[in-house]
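Single-structure report; data block below.
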Amino acid sequence: MVAMLVVGSSVKADPVRACVLVWQLQADESKEAKEFRDVLVRLSGRQTKRKKPHTAPALLAGVWILISMLTLLDHYNLHNLRQLACKFIPQFSTA
């Protein structure tokens, strides 16, 4: 899997930087790093064990989705995206 990282205002594919980011994130014991790891794992959709709630593959998948999501939000208004989701995904409007 090739992850993409934001460099300035552009998005570039750089698997080495993505791996370094994940490695640094796994080593960081700060509260903010734990919260960011939780966000990335949640975005990845991966299931993890209680003993190991953050795996490198899950974090890399989360980075990919986060970058994709942030890029999408650069091009679309969040309100419009919600309206589209409610119109075409009925379950979304009840959430």
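Taken together, the values in this text are just the output of simple stated rules run on the coordinates, not laboratory data. Just so it is clear, the structure is predicted and the values come from calculations on it, not from any experiment. Neighbour counts run over all protein chains shown; Cβ positions are idealised from the backbone, glycine included.
Observations on the structure shown:
- Tensor-based shape of the range 4-93 (alpha-carbon gyration tensor, a/c under 1.5 rounded, otherwise prolate or oblate): oblate
- Cβ-placed point charges (K, R +1; D, E -1), dipole of the range 4-93 about Cα centre in debye, nearest 20: 440
- Between Q83 and S30, the modelled labels are 3.9 nm apart [label points 7 Å from Cα along Cα→Cβ].
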